[in-house]
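The values are calculated or read from the model by the stated rules, or taken from the named source; none is laboratory data. Nothing here was measured: the structure is a model prediction, and the numbers come from that model. Here Cβ is always computed from backbone atoms with ideal geometry, including for glycine, and neighbour counts include all displayed protein chains.
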């Protein structure tokens, strides 16, 4: 597997799991890459979901200035890898963005070998968002290990 210079987390409107994942990953990733979050269906920029913001702040991560951005073809270059939280998002990206393919765009949990998908906390309690945060953290530690293991093999 090649070394990536950009890691993108993408989901629906890009205001909950993708920015949470990007910021958590920034705090644990031991490689050297630009880490971004994007929305798949973004009509206009929106701030982070309020409950996601509360959970992030309680974990020492401040995303007060966050604004969602739409995933576009130019985001995905030869050294980019994209992760989605749901199979439907993966399918939509592969069908709608010509620079996305099965070699650079993956379902996050499949990529790290987990069976359960990352839960969508939308509409849930603050506790649900906290559980989502912990699930992401656990999965992203596995992603860090996998990407850094691949970097070591390449060196």
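Data for the structure
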quantity: Residue list for the range 107-127, restricted to those being surrounded by 15 or more Cβ atoms within 10 Å (Cβ to Cβ) and touching a helix residue (DSSP H, G or I) at 6+ places or on another chain (Cβ under 8 Å); calculated: 107, 108, 109, 111, 112, 114, 117, 118, 119, 120, 121
quantity: Qualifying residue in the range 59-73 (condition: in contact with a helix residue (DSSP H, G or I) (Cβ under 7 Å, 6 or more places away or on another chain), part of a helix (DSSP H, G or I), at pLDDT 95 or above and surrounded by fewer than 21 Cβ atoms within 10 Å (Cβ to Cβ)); calculated: no
quantity: Residue 54, sole failed condition from (1) in contact (Cβ under 8 Å) with a residue 12 or more places away in the chain; (2) under 27 Å from residue 130 (Cα atoms); (3) assigned to a loop (DSSP other than H, G, I, E, B); calculated: (3)
quantity: Residues that are under 12 Å from the mean Cα position of the chain (by Cα) and in contact (Cβ under 8 Å) with a residue 60 or more places away in the chain, drawn from the range 72-124; calculated: 81, 82, 83, 84, 85, 86, 89, 108, 118
quantity: Residue within the range 131-148 that is under 17 Å from residue 38 (Cβ atoms), in contact with a helix residue (DSSP H, G or I) (Cβ under 6 Å, 6 or more places away or on another chain) and in a loop (DSSP other than H, G, I, E, B) present; calculated: no
quantity: Odd one out for residue 41, checked against (1) free of Cβ contacts under 8 Å to residues at least 24 places away in the same chain; (2) touching a strand residue (DSSP E or B) at 6+ places or on another chain (Cβ under 9 Å); calculated: (1)
quantity: Flag for residue 25 being touching a strand residue (DSSP E or B) at 6+ places or on another chain (Cβ under 9 Å) and either part of a helix (DSSP H, G or I) or surrounded by fewer than 14 Cβ atoms within 10 Å (Cβ to Cβ) (or both); calculated: yes
quantity: Residue in the range 87-95 that is at pLDDT 95 or above, in contact with a helix residue (DSSP H, G or I) (Cβ under 6 Å, 6 or more places away or on another chain) and surrounded by 13 or more Cβ atoms within 10 Å (Cβ to Cβ) present; calculated: no
